[in-house]
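> Sharing a structure with you now.
The values are calculated or read from the model by the stated rules, or taken from the named source; none is laboratory data. All values reported here derive from a predicted model rather than from experimental measurement. Backbone-built Cβ (ideal geometry, glycine too); neighbour counts: all protein chains shown. Areas reflect the complete protein model, heavy atoms only, side chains present, ligands, DNA and RNA absent. Shrake-Rupley method; radii C 1.70, N 1.55, O 1.52, S 1.80 Å.
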Amino acid sequence: AQKVTQAQTEISVVEKEDVTLDCVYETRDTTYYLFWYKQPPSGELVFLIRRNSFDEQNEISGRYSWNFQKSTSSFNFTITASQVVDSAVYFCALSENNAGNMLTFGGGTRLMVKP
Amino acid sequence: EAEVAQSPRYKITEKSQAVAFWCDPISGHATLYWYRQILGQGPELLVQFQDESVVDDSQLPKDRFSAERLKGVDSTLKIQPAELGDSAMYLCASSLGGAFTDTQYFGPGTRLTVL
């Protein structure tokens, strides 16, 4: 069975601080994809990144970076020099080869960036 | 940039009334999903369509919920009768295909409040 755990329910930082959001997943499949979505107060889920299980290279996109480690089943997300506009709920999600196209979401981490 | 459209954005209704939500996916996307997101939790899949056919509705409470995608484009999700526990955000998503590798793109959601 698939499972995604985001142990941090809420994080509060001051603007310009770096912050890391943790994601741990469970799967029996060797082929799977991991995703991060951002949900601002407006409610829409915004796609941030997709990573397949065979690509463990870290990825950087501007102030965002992702660290994928199969050895620890983790796919962590770091925001460098956080900004107030980064305040949102962030979700990690998993799709598995043996589960069709069903996305299993974690419970989300609410990030609050204070000025 | 193409987006998933949903309406209404907000809906307040009394229990035992009927409600309906509409979704228009990104043009060319064959797969459409309806998710329910309870406050403080991640989204959970209700139903998945491939073109006009239902692929997965195992989590849809069929005694009161129905979904259709008659022409394989836009879709309607209906609840009749609504219950207090149905208060949630209802999110629509679409993807190019139905493979687990495909990224799902989400609409702004409909926030339902049942009084």
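> Taking only the range A:23-50 into account, find how many residues are more than 9 Å from chain B (Cβ to nearest Cβ), within 15 Å of the chain's Cα centre (by Cα), within 15 Å of A:Phe105 (Cα to Cα) and not acidic (Asp, Glu).
Total satisfying the criteria: 8.
> Among the residues of the range B:97-115, write down those that are part of a loop (DSSP other than H, G, I, E, B) and either more than 7 Å from chain A (Cβ to nearest Cβ) or under 19 Å from B:Gln37 (Cβ atoms) (or both).
B:Gly97, B:Thr103, B:Gln104, B:Gly107, B:Pro108, B:Gly109, B:Leu115
> Quick one: would you say B:Ser87 is open to solvent by less than 70 Å² (accessible area, probe 1.4 Å) and within 28 Å of A:Gln6 (Cα to Cα)?
yes
> Sort out which residues of the range B:50-75 are assigned to a loop (DSSP other than H, G, I, E, B), open to solvent by 30 Å² or more (accessible area, probe 1.4 Å) and over 12 Å from B:Ala30 (Cα atoms), and write them in order of number.
B:Asp57, B:Ser58, B:Gln59, B:Pro61, B:Lys62, B:Asp63, B:Arg64, B:Leu70
> List the residue pairs whose Cβ atoms are under 6 Å apart, where the first residue sits in the range A:70-81 and is over 17 Å from A:Ser95 (Cβ atoms), the second is open to solvent by 40 Å² or more (accessible area, probe 1.4 Å) and in a loop (DSSP other than H, G, I, E, B), and the two are 6 or more positions apart or on different chains.
Note: pairs meeting the criteria are A:Asn76/A:Asp22; A:Ile79/A:Arg63; A:Thr80/A:Asp18; A:Thr80/A:Arg63; A:Ala81/A:Lys16; A:Ala81/A:Arg63.
> Please determine, by comparing only the residues of the range B:11-41 that are at the interface with another protein chain (Cβ under 10 Å from one of its Cβ atoms) and open to solvent by 10 Å² or more (accessible area, probe 1.4 Å), which one is farthest from A:Ala93 (Cα to Cα).
Filtering the range B:11-41 for residues that are at the interface with another protein chain (Cβ under 10 Å from one of its Cβ atoms) and open to solvent by 10 Å² or more (accessible area, probe 1.4 Å), the one farthest from A:Ala93 (Cα to Cα) comes out as B:Gly40.
> I've got another one for you. Report yes if A:Val14 is surrounded by 14 or more Cβ atoms within 10 Å (Cβ to Cβ), in contact (Cβ under 8 Å) with a residue 24 or more places away in the chain and aliphatic (A, V, I, L, M), otherwise no.
It is false that A:Val14 is surrounded by 14 or more Cβ atoms within 10 Å (Cβ to Cβ), in contact (Cβ under 8 Å) with a residue 24 or more places away in the chain and aliphatic (A, V, I, L, M).
> Oh, and also: Quick one: A:Tyr90 ticks every box in (1) within 12 Å of chain B (Cβ to nearest Cβ); (2) in contact (Cβ under 8 Å) with a residue 60 or more places away in the chain; (3) assigned to a loop (DSSP other than H, G, I, E, B) except a single one, so which number is it?
(3)
> What pairs come up if the first residue lies in the range B:31-59 and is among the small types (Gly, Ala, Ser), the second is surrounded by 14 or more Cβ atoms within 10 Å (Cβ to Cβ), and their beta carbons are under 6 Å apart, counting only those six or more places apart or on different chains?
B:Gly42/A:Phe91; B:Gly42/A:Phe105; B:Gly42/A:Gly106; B:Gly42/A:Gly107; B:Gly42/A:Gly108
> If only one of B:Ala18, B:Ala5, B:Ala93 is closer than 29 Å to A:Asp29 by Cβ and out of contact with any helix residue (DSSP H, G or I) (no Cβ under 7 Å at 6 or more places or on another chain), which one is it?
B:Ala93
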